[in-house]
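Values in this text are rule-based calculations from the coordinates and carry no lab data. Being a predicted model, the structure only gives us computed values, none of them experimental. Every residue, glycine among them, receives a Cβ derived from its backbone with ideal geometry; neighbour counts consider all protein chains shown.
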Amino acid sequence: MVAAHLDSLRQTRRTPAYRSADSLFVFGLLPPSISHEGYSAKPAYSYWDDWWGVRGLADAALLARIAGDGMRAAALTSSAAEFRADVVASVTRSMALHHMSVMPGAAELGDFDPTSSTIALEPAQALGALPAAAVRASFDSAWANFSRRRSGAAPWDAYTPYEWRQVGSFIRLDQPARAHALANWFMSTRRPARWHAWGEVVWRDYRAPKFVGDIPHGWVASDFMRATLDMLEYEREGDSTLVIGAGIPVAWARAPKGVTARGIHTWWGKLDFTVRSSGRTVRYTVAGVTPPSGIEICAPFDARPRAARVNGQVVQMHDGRTVVAGAPAMVEFDY
């Protein structure tokens with residue numbers, strides 16, 4: 001019932017009236033809403049809503065398949081694919097309309113909101129569908145803005161720790177050094193410091209008598225946990241691959257206890273893995289899960305490995321990564 005209603009909402013913007021030149025850029029989107037406080041003055045065609053909708057239809061299709069309703073699953077899969085294509089087309093048209101090189105937050109506004117746009121990468125998993133140049137420009141701009149704030153080159157009074165979502169985006173864009181730079185800075189801005197948490201708003205002047213929202217803030221906490229998990233592992237829906245270690249630096253691997261992860265829930269079952277260093281070798285041991293297209297193991301970043309072995313056999317690497325069919329497996333990187 002929920003999926004049917006969601007599908008009916010997007011259909012209201014797929015009528016002939018929205019095929020005209022001045023309305024085509026919102027064709028197929030969900031109706032305008034006050035998606036968040038930033039749009040409280042007037043409902044907007046927020047892509048935040050649309051990407052959640054894409055994910056919702058795809059997940060509804062999965063549930064129908066699990067329930068044994070193949071016909072319903074096929075229909076929902078088709079709807080999700082059509083919705084995704086409409087949203088991607090709208091993003092492209094909105095960028096052209098507003099003369100933007102970055103992805104907009106809302107179709108008619110042409111606003112830049114990279115923290116909101118992260119949802120396109122996860123959970124919507126649309127990285128391969130969106131224009132690569134637009135994705136790259138969006139997060140390059142987000143990084144530049146963050147760098148200016150961190151260095152003091154740009155004045156700032158406050159920020160919202162929802163920006164933790166950008167950490168996972170940089171991991172998926174294979175930019176782990178940027179991800180860790182953001183994470184380290186966010187960790188330094190917890191308020192009050194000994195609470196080890198964030199409110200909804202963090203003020204530069206930590207004694208400023210201004211709105212901070214809930215402390216600890218549950219949504220921010222979930223963004224922090226998702227970012228941490230993304231450093232350890234994430235699922236890549238497009239080719240049904242599990243990626244392990246994309247955000248693990250060499251320093252973690254070479255720490256006395258290395259890295260240990262147990263019982264991480266993935267789409268294909270629970271994952272256990274360890275990362276240890278011995279001399280010039282970093283060793284992964286992986287257990288518990290076998291995704292359809294295998295597991296992509298990433299060599300710890302900040303150093304370039306010269307060779308890799310899977311279960312003792314020399315294998316080829318691509319950008320410091322190698323793929324194993326599934327667990328159990330032992331992968332070694334020599335430096």
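Say the dipole of the chain comes from +1 at the beta carbon of Lys and Arg and -1 at that of Asp and Glu; which of 277, 103, 260 then lies farthest toward its positive end?
Of 277, 103, 260, it is 277.
Return the long-range amide H neighbours of residue 315 (sequence gap of 5 or more, or a different chain), with a cut-off of under 5 Å between placed amide H atoms.
Correct list: 308, 309, 310.
Can you give the FRET efficiency to the nearest 0.05 for residue 85 and residue 34, using r as the Cβ-Cβ distance and R₀ = 35 Å?
0.85
Rounded if a/c is under 1.5, else prolate if a/b beats b/c, else oblate: with a ≥ b ≥ c from the C-alpha gyration tensor eigenvalues square-rooted, which is the range 1-59? If you can, show how the numbers build up before the last one.
Numbers: a/c = 2.04, a/b = 1.04, b/c = 1.96.
Since a/c reaches 1.5 but b/c is at least a/b, the shape of the range 1-59 is classed as oblate.
Run through every distinct alpha carbon pair of the range 240-334 and return the Kirkwood hydrodynamic radius in angstroms, one decimal place.
Working: mean 1/r = 0.0764 Å⁻¹.
It is 13.1 Å.
222 nm [θ] for the chain, helices only, -39500 (n - 2.57) per DSSP H run of 4+, per residue, to 500?
-12000 deg cm²/dmol, from helical runs alone.
Ranked by Cβ crowding within 10 angstrom, fewest neighbours first, how are 230, 50, 111 ordered?
111, 230, 50
With +1 assigned to the C-beta of every Lys and Arg and -1 to the C-beta of every Asp and Glu, and no other charges, what is the dipole magnitude of the range 240-334 about the Cα centre in debye, to the nearest 20? Don't skip to the answer; put the middle values down first.
On the way: 11 positive and 6 negative charges, 57 e Å.
That gives the range 240-334 a dipole magnitude of about 280 debye.
Amide H neighbours of residue 106 under 5 Å, counting only residues 5+ apart in sequence or on other chains, H built in-plane at 1.01 Å?
Counting only residues 5 or more places away or on other chains, the set is 47, 111.
What ³J(HN,Hα) values, in whole Hz, does the Karplus curve 6.51 cos²θ - 1.76 cosθ + 1.60 give for the range 216-233 when θ = phi - 60°, with x put for Gly and Pro?
Each residue of the range 216-233 in turn: x, 8, x, 5, 4, 4, 5, 5, 4, 5, 5, 4, 5, 5, 4, 5, 8, 7 Hz.
What list of ³J(HN,Hα) values in whole Hz, one per residue of the range 112-126 in order, does the Karplus curve 6.51 cos²θ - 1.76 cosθ + 1.60 (θ = phi - 60°) give from phi, with Gly and Pro shown as x?
Taking θ as phi minus 60°, the curve returns 9, 9, x, 5, 5, 5, 4, 4, 5, 7, 7, x, 5, 6, 9 Hz for the range 112-126.
Amide H of residue 266 versus every other amide H placed in the peptide plane: which residues, excluding those fewer than 5 positions away on the same chain, fall under 5 Å?
271
Would you tally the net charge around residue 93, using a Cβ to Cβ cut-off of less than 14 Å, leaving residue 93 out, and scoring K and R as +1, D and E as -1? Before the final figure, lay out the partial values.
Working: positive: 13, 19; negative: 22, 50, 86, 108.
Value of the local net charge: -2.
Can you compute 3J(HN,Hα) from phi for each residue in the range 280-289, using the Karplus curve 6.51 cos²θ - 1.76 cosθ + 1.60 with θ = phi - 60°, rounded to whole Hz and x for Gly and Pro?
The phi angles translate into 9, 10, 10, 10, 9, 10, 10, 9, x, 8 Hz.
Rounded if a/c is under 1.5, else prolate if a/b is larger than b/c, else oblate: which is the chain, with a ≥ b ≥ c the root eigenvalues of its Cα gyration tensor?
Because a/c hits 1.5 or more and a/b fails to exceed b/c, the chain counts as oblate.
What is the gain in length, in nm to one decimal, between residue 140 and residue 15 on full extension, counting 0.36 nm per residue of separation less the C-alpha to C-alpha distance? Write out the running numbers ahead of the final one.
Numbers: separation 125, 0.36 × 125 = 45.00 nm, distance 3.63 nm.
Net length gain for the segment: 41.4 nm.
Quick check for me: using +1 on Lys/Arg Cβ and -1 on Asp/Glu Cβ, what's the dipole size of the range 38-172 about its Cα centre, in debye to the nearest 20?
The calculated dipole for the range 38-172 is roughly 300 debye.
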